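K.L.:
One structure, pasted below without further comment.
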Amino acid sequence: MAGTPRHEELPGGPAAPREAHAPIPPPPGQGDQLPDYADRVLEVAELIPAGRVMTYGDIAEWLEEGGPRQVGRVMALYGGAVCWWRVVRADGVPLPGQEREALAHYHAEGTPLREPTAASRRQGHIPRIDIRRARWDGKDG
């Protein structure tokens with residue numbers, strides 16, 4: 001996301017006070033602290049406004065560290081305490097196994113969705129996020 005402000009430039013960045021995410025115990029053997037990278041990923045996830053999303057790759061690019069898989073791993077281990085449904089795959093498909101819960105959040109927040117065609121719906125396809133319209137660039141709230 002070229003031109004996207006860095007974390008420090010946004011309201012609620014590291015220099016500004018922010019709402020702390022609920023403490024999540026680290027995996028066994030990690031001690032009492034959340035890994036620094038995980039904490040930074042969760043901080044970004046907390047900034048995403050309702051009705052908007054960032055992809056795993058967007059967050060990695062914004063942090064200038066890691067990649068989509070690393071962000072996905074953080075969200076899988078620690079994301080339950082933040083608005084996890086706002087951190088999504090680049091294709092807009094809801095998180096497998098969490099589709100109903102994610103879609104309920106998307107509908108409640110007014111997240112732009114792409115409805116499946118009638119034929120796709122008959123095959124069990126569900127709406128996906130309209131990434132072009134829902135993607136948050138970190139600038140507007």
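We did not get these values from a lab; they are worked out from the coordinates using the rules stated. As the structure is a prediction and not an experimental result, all values here were calculated from the model. Here the Cβ is made from the backbone with ideal geometry for all residues, glycine too, and neighbour counts use every protein chain on show.
K.L.:
Taking only the Cα atoms of region 35-133, how large is their convex hull per residue, in Å³?
P.N.:
Dividing the Cα hull volume of region 35-133 by its residues yields 95 Å³.
K.L.:
Provide the gained length on full extension for the span residue 139 to residue 36, in nm with one decimal, where the gain is 0.36 nm per separating residue minus the Cα-Cα distance.
P.N.:
Computed gain between residue 139 and residue 36 is 34.7 nm.
K.L.:
Would you kindly state how much longer the chain becomes between residue 121 and residue 108 on full extension, computed as 0.36 nm times their sequence separation minus their alpha carbon distance, in nm to one decimal?
P.N.:
Between residue 121 and residue 108, full extension yields 2.6 nm more.
K.L.:
Let me ask something else. Obtain the nm distance between the two label points defined at residue 99 and residue 73 by a simple spin-label model: each point lies 7 Å from its Cα along the Cα-to-C-beta direction.
P.N.:
Output for this residue pair reads 2.8 nm.
K.L.:
Can you list residues whose amide H is under 5 Å from residue 53's amide H, if they're 5+ apart or on another chain and H is modeled 1.01 Å from N?
P.N.:
135, 136
K.L.:
Rank the residues 75, 54 as a footprinting-exposure proxy: fewest other Cβ atoms within 10 Å of their Cβ go first.
P.N.:
Listed from fewest to most nearby Cβ atoms, that is 75, 54.
K.L.:
Report the charge-dipole magnitude of region 35-133 in Debye, nearest 20, computed about the Cα centre from +1 at each Lys and Arg Cβ and -1 at each Asp and Glu Cβ.
P.N.:
With only Lys, Arg, Asp and Glu charged at Cβ, the dipole is about 600 debye.
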